[in-house]
Structures are given as C-alpha cells and as structure tokens.
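Beneath this line is the structure, given in structure tokens, with notes to follow.
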Amino acid sequence: MNFAALLKQARDNVNALISQRNDIANRFLELSASASPSAEQISELRTARAGLDEQIETARARVTDLEEEQARQAELDSLQSRTSEVPQTRDVGDGTVQDRSATQVTSEPRTYREDQDPQGLQFLRDVTGSFLGNQAARERLNRHMAEERVLRGATVERGVTTGGAPGTVVPQYLVELYAPKGRPGRKFADACRKHTLPATGMDIYIPRQKAKTTVADQVSELDTVSETDYEDELISSRIRTAAGSQTISRQAVDRGIGIEDIVLGDILKAYDQNLDSQLINRATTGLLAVSNAVTYTDADPTALELYAKILQGTANVEDVLQDLDDDDLFILMRGRRYTWLQNQFTDKWPILATGGAPQLNLGTNAENPYKSGVRGHLPNGGDIITDNNLPNNLGAGTNEDVVVVVARQEAHLWEDPSAPLFIRADQPQAKKLGIDLVVWGYYAAVFNRVVDDQGSPKAVHQKITGTGLVAPVF
C-alpha cells in the first residue's frame, strides 16, 4: 500500500468519525428539546461524544503524520533525482592513481521564476502548448508540479484531484503579482481571521458554545459551588469552489504577443474579486446578511454624524463580545465613502489629516493607496479598510452604500495554504480553434459563530445603512 492509499484510508476514517459525532449531536439536541429528557440518556450521549472527540483528534493526527511523511519522502525523491556520480582520483601512496566516486548533490532552479518569466508568459504558453501536444511544454509543467509537491506536499495532491481533472498550480509569484491590481480585489478577505482548510471533505465544522460557565462566591465552607453543564453544537459551512474560465483563440496562442500576460492577469484578478464579493454579499451567510443593522437617516449627512453611527456600531459589538480588544475592530467602507470623509470639514479643520498635519482632526489618513488595505484610522482606534466590493445600489433610490463595523476575531475564512490556484486547458470549441483556460480554488467562511445566553445566534458585526449614505457629493 502506498502513501496515497494510506492517506485516503485515514481521511475516510476521519470523515466517518465526524459523521458519527454529528449524529450524536443531533440526538443530543432532540433529547434536550423533549419535555422530560432522561438524565441517563444525556449522560450516555455526552460520554459517547467525548469518546468520539478523542478518536477524531487521534485520526486527524494520523492524517497529519502521513501527509508530513509523504512530503518528506517526495523531497527525498526529488533530492535523489538531482544527485550525480562525480569521478575523482586519489593517490594511493605507491605512485599510482586510482579513481573513486563521490556523490555530489546539486540544486536546480525553479522551472518558472520571476527573474526569467516575470509576467507568466512562458507558463501560460506551456499550459496551452501542453494541450496542443507540445512535449517540451508538458515536460516543463510536469517538472513544475514536482517542485510544487515538494514545497506544498498533500495540498497540491488534494487540490488537483478534488476538481476531478488534472490541473497545474499557478506559480505563487504570479498570484502575488496580479492579485493587487485592477478590479476591487480581496481587501475584506485579506483582513479576515485566517484558517487552513481541512485535508478532506466539502464542509468545515467549528464548535459553538451554547451555555456559559457560571461562577459565584461560596456562601459557606463546603457549600456546593456554582455548576453549569457544558453544551456546544457544531456549526457547518460549505467549502465552496470559486472558478472561472477564459476562451482564447489558437491564433492568439500561436502568434499573439503578450496575450498570455493579459489573460492570466484577468483570470487571477477575477478570482480574487469573486471570492471577496461572495464573502461580503452572499445571501444568508455573507457578512452583510448576518450583520446587525444600524440605521443612519439624514437628508444632509455629515462626517460627524456618520462617526457617531460608527461608534454606535462599535458599542454594539462590545456589548456582544464583552472582551473586545480595541485593535480587533476595523471599519469597512467603499473608496468613495472614504474620499468623502477626507472632503469633510469640522470647524474648518479636515476630518482626516495626513501625517504631520495639525492634530485638530477627527482621524488620520495613513497615506496608503486602495490596494494596501488599511487607508486610515479613526479616533477610537478602528482601522479604515476600503473595499469596492461593498454594494453602492442600496435603498429606495438605489444610490446608497454601506459601512460595516467588523470584529476581526469573528470573521473566519478558510483557504488552502498559499491560496493555490489551478489552471488547465481544454478544447471543447475545436471547430472554432478556441482553447478554454480554467482557474479554480476552494474556500469557506463563517461570520455568525456567537450566540446569546439562550443559545440563539447573535449578530456581532454591525452594518450602517440608510439615506445618510447616499452617493456623496463633492
């Protein structure tokens, strides 16, 4: 049995245990909701749940060990393939010279490097050329994938096989090169609390505490102390696939100059925009869908009034979380709203000041461009992050935008390590001499993990909406 078979067996075991654990959790909820729950049955379910939790941890550790061992073996195999026998000579002392062999370990440069292929032209040519039967292109891609397996191990295998078709990992330097440019990008996604996607499955599960522990003073010695039965539930979130494709002509591949640069850049930017927009705007589970509404109604809005609403949202977040750190908050708004704040004056002093300006201001401008993420800071310590994936067509007049007060610790985002993207070439339009390039990746998110004292979900993040946020006039 090879590593791939062992890993599949171990991952199937983890999934089976999680399914058993979910069944017990559902039975526990049904029993707790009954009119007269049996204390004995509840105790049995808790014991079974605790036992399964231990088995799941053990099984997950087994998967991790196998993945690490597979990665080590792949690295050793790659190292062995780069060794060569170097003949040497030595003097044996009687005037004769004998040959001897010594193993010399050499290192080869990456197949696709930023200094040699800065725009990704050769990479995309090889993707299309491989499909068209170019053996040299196929060999370069195979060598590149071997390098990625050494660096990323099981992550590459998982990403390639889950999609159901062979794929090639886009070189990371190209992802970093194109991600910040052009479209709105992924400013909110980059500000979220990051987690690594699990090794298998199409859902992620995180525990949510339903009952708080109680502590009280002991009135007299040996009196029974305050006691609370711990209860939790599992929140599930679907692992989603973000994907897109672009059709280019055979003529563009054969004779175009720079077309690969344009296509690859556009695909990667579109991927980031879709991911970020879905996190914000998805119905039911997106940031705006699960946020508490703070209404700002005013026919003549001012920056001071908006700041008061931001403080109201901040207070609401603190009421929910109780122990919020000041630096855990950030304020999400569109670029036009941030520019409007800079245009506002109070007592003839700017609302936002550039570094080194007089201190009679409401906040500071970090002097950073849109793509940098944090653009400024408010007096309450909240970072201002601009994201143009926020809507600007809200309200009766379809001309209002939204400002969101976000608690970073409750904005959870799961992605594959290094956010690998995969690309492949198909030719369903052979009669038109068209070639399809497809890019995809996987992610999951949860923004509503917190519950109130009764165990019901409670909104943490606060969205400010209303006529006070109509399209700004400068």
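What follows is calculated from the coordinates using simple rules that are stated; it is not laboratory data. Keep in mind the model is a prediction, meaning the values are calculated, not measured. Virtual Cβ from ideal backbone geometry, glycine too; neighbours counted across all protein chains shown.
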Just want the ordering: Val215, Val460, Val470, Val446, from fewest to most Cβ atoms lying within 10 Å of their own Cβ. Val215, Val470, Val446, Val460
Report, by chain and number, residues whose modeled amide H sits under 5 Å from the one on Lys458, excluding near sequence neighbours (fewer than 5 apart, same chain). Val450, Val451, Asp452
Starting from the amide H of Ala211, placed 1.01 Å from N in the peptide plane, find each other amide H under 5 Å away whose residue is 5 or more places distant or on another chain. Glu231
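Using the 10 angstrom Cβ neighbour count as an exposure proxy, how do Phe123, Phe188 rank, fewest first?
Listing Phe123, Phe188 from fewest to most nearby Cβ atoms yields Phe123, Phe188.
Quickly rank 393-400, 329-336, 193-200 as a protection proxy: mean count of other C-beta atoms within 10 Å, highest first.
329-336, 193-200, 393-400
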Measure off 7 Å from each Cα along the Cα-to-Cβ vector at Asp203 and Leu76, then give the distance between these two points in nanometres to one decimal. 3.9
Least to most buried among Arg72, Arg337 (fewest other Cβ within 10 Å first): Arg72, Arg337
Quick one: if the Förster radius is 51 Å, what FRET efficiency do Glu221 and Gln409 give, using the C-beta to C-beta distance and rounding to 0.05? 0.80
